Every structure is written in structure tokens, then in C-alpha cells.
């Protein structure tokens, strides 16, 4: 049997009602929603379970909501005794992966991503920055486009390298608009503007990174007990110092998701289990390598199904 990696989704996977049935059925799961409410001094759980979706989708709410839900689902999934050899998360999901790896406490993680969301919202005035998904254009070709537009005075850069033929660009509104036009001229099949509140994973997030340093400096960060594949390097990180540096850089650096998945495969991972709402990462892994096994765990039914599928291998 090959190795197992747990994956944790990022912003965009949030949905009203996520984790609710598990929380109602299991007091250990429920306790994470209660801890989040207590740490943040407001009823995050009510927002997660009842909505409204518009409010849940706000960056400052979506980030702690997703971390809380994914860790709560993980708590239930731990009953399976399936243990990961590696963990990774997409952007915000990297914080969930670090909580899962024991690098910092759940409470500190929830507080950190709430602050991270606030700083990201504040970094660029609303409407001045944006993101777009570019489909069907290679990394080098798109890099040439964004470099050219940036040289013209409108900053834009590669933000999420998700899978072959799917790259998200981020930057100033004009930068993204100009790069979108040039990307189509260069052969992109489609360019889709994203509904986001800012230019995440771009240089424009550097002010947020500066503020966020203070949050990380005030946290107790430990060495990770399970290697975490870092977004910014697509390599293993375990040391507390390395984790802190990479989380700061992650705010304004591209998410190397395709490279991260390839790295885990090269390390012997053949089974990827996405833990949290949605199946976004499962879909990306399949586009990167069809030969690996993928599962997603988001509720009681999917949890039981995955345990059943893998139980022979965990005896």
C-alpha cells in the first residue's frame, strides 16, 4: 500500500449547513464549533449552520468557518484510524493542515485565520483588485503575459497554479483585465473573472503580510508532527520557524498546488483524502494524475464510505 495524504479545502468551498449533521450526532465534533464561538466571541456556528450564504462568504467569516468545519470533520474521521503520511491545504486550507499536523492549537488557528481575513480585506480598497481563472494556457505563456502587463504599470501575477490548464491570476483590476485580454490572444480557451473581495496571493497583499507577522509572533508554533507540503515551495515543512516564514510569504505568493500534488506523488502518495466541504481539491488531483485514488469526506455518509473502502488496508 502506498502513502496517504489528507487535503484541506480553501476559500470558496464554504456552504451553509456544512458540518451540521455531524455536529448534531457527535459531541466531540460539536465541541470544535463551540470552541470557535468562544474564541471569536460571536456565534460562528450559527452562521455556518444557518447562513445567510452572503455573510458566510465574506473572507473574514469564510476562513474561520472552513477551518472549523474541516477540523470538526477530521475529528470524526479520526475514528477510522486512517493516519496520513502527509497533509496539505489550498491557501486557507494550509492552516487547517497545520492544525491537523499539531503545529498550533485549533483555537490559535481559528483566531489567526479570522485576523488573516481581516488584513486581506483591508490591504486593497474594495474594487481595486481582483482575480480571474485562465483555462487552457501554459504556465510559461501566462507568465509572459502577466510580466508584460505588470511592466506596463498594472501589476498582475500568477496566484494559484491549480492543475494543468487552470491557473488563477491576481492583481490590480486593470492588470487582471488587460492580462485576461492578452491571455485570450495568446491562446487561452476561457478566462473567468472570480467573485472575490481582493487580489489574493499577489504582491498587493504585502501590507496584509506585514500586519499578520504580529499575529504569528504572538502564537505558539510547534514543529509539525506530520510533514506539511507548503503552498509557497511545494516542499515539506516541519520546523516551527519555517512554518512561520512560509505562512507570511503565502499571503503574497502563488499557491503551487499542482507542484504540491506532484511532490506528494513523488514521495509515494497514491491515496488522497479531501477532508472538508466540497470536492474541489479531489477534482484538481484527478486532473493532475488520474492514476491515484481520491476520496472526499464531508459528512457522515461520505465518512463511513471512505472508512469502508479503506478498512482492509488499515487493519
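Regarding the range 89-107, can at least one residue be identified that is in contact with a helix residue (DSSP H, G or I) (Cβ under 8 Å, 6 or more places away or on another chain) and surrounded by fewer than 20 Cβ atoms within 10 Å (Cβ to Cβ)?
yes
Which of the numbered conditions does residue 134 fail, given that it passes all the others? Conditions: (1) touching a strand residue (DSSP E or B) at 6+ places or on another chain (Cβ under 9 Å); (2) part of a loop (DSSP other than H, G, I, E, B).
Going through (1) touching a strand residue (DSSP E or B) at 6+ places or on another chain (Cβ under 9 Å); (2) part of a loop (DSSP other than H, G, I, E, B) one by one, residue 134 breaks only (2).
To keep it simple, each residue is scored yes or no on (1) on the phi > 0 side of the Ramachandran plot; (2) out of contact with any strand residue (DSSP E or B) (no Cβ under 8 Å at 6 or more places or on another chain).
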| site | (1), (2) |
| --- | --- |
| 176 | no, no |
| 179 | no, no |
| 182 | no, yes |
| 204 | no, no |
| 219 | no, yes |
| 224 | no, no |
| 234 | yes, yes |
| 240 | no, yes |
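Sort out which residues of the range 151-189 are surrounded by 20 or more Cβ atoms within 10 Å (Cβ to Cβ) and either assigned to a loop (DSSP other than H, G, I, E, B) or in the same structural domain as residue 234 (by TED's automatic domain parsing) (or both), and write them in order of number.
Within the range 151-189, 155, 188 qualify.
Suppose we filter 148, 141, 121 for residues that are at pLDDT below 95, surrounded by fewer than 22 Cβ atoms within 10 Å (Cβ to Cβ) and in a helix (DSSP H, G or I); which single one remains?
The conditions single out 121.
Hand me the list of helices (runs of 4 or more DSSP H) wholly inside the range 38-109 holding 3 or more residues that are in contact with a strand residue (DSSP E or B) (Cβ under 9 Å, 6 or more places away or on another chain) and assigned by TED's automatic domain parsing to the domain that holds residue 282.
Because the criterion is at least 3 residues that are in contact with a strand residue (DSSP E or B) (Cβ under 9 Å, 6 or more places away or on another chain) and assigned by TED's automatic domain parsing to the domain that holds residue 282, the helices (runs of 4 or more DSSP H) in the range 38-109 that meet it are 59-77, 93-100.
Would you pick out the residues in the range 21-30 that are in contact with a helix residue (DSSP H, G or I) (Cβ under 8 Å, 6 or more places away or on another chain) and surrounded by fewer than 17 Cβ atoms within 10 Å (Cβ to Cβ)?
Across the range 21-30, the qualifying residues are 21, 24, 25, 26, 28.
Identify, from the list 115, 30, the residue that is free of Cβ contacts under 8 Å to residues at least 60 places away in the same chain and part of a helix (DSSP H, G or I).
Exactly one residue qualifies, and that residue is 30.
Output the residue which, of all residues in the range 69-88 that are farther than 20 Å from residue 107 by Cβ and within 18 Å of the chain's Cα centre (by Cα), is surrounded by the most Cβ atoms within 10 Å (Cβ to Cβ).
It comes out as 88.
Residues being crowded, with 22+ Cβ neighbours inside 10 Å and either within 15 Å of residue 108 (Cα to Cα) or without any contact (Cβ under 8 Å) to a residue 24 or more places away in the chain (or both): count how many of those fall in the range 51-68.
Going through the range 51-68 one residue at a time, the tally reaches 6.
Being surrounded by fewer than 16 Cβ atoms within 10 Å (Cβ to Cβ) and in contact with a strand residue (DSSP E or B) (Cβ under 6 Å, 6 or more places away or on another chain) is the filter here; which residues of the range 190-200 pass it?
Across the range 190-200, the qualifying residues are 190, 192, 193.
Select from the range 194-215 the residues that are within 19 Å of residue 180 (Cβ to Cβ) and outside any loop (DSSP other than H, G, I, E, B) and list them in ascending order.
Answer for the range 194-215, where residues must be within 19 Å of residue 180 (Cβ to Cβ) and outside any loop (DSSP other than H, G, I, E, B): 203, 204.
The values are calculated or read from the model by the stated rules, or taken from the named source; none is laboratory data. Since the model is a prediction, treat every value here as computed from it, not as a measurement. When we count neighbours, we look across all protein chains shown, and the Cβ atoms used for this are built from the backbone with ideal geometry, even at glycine.
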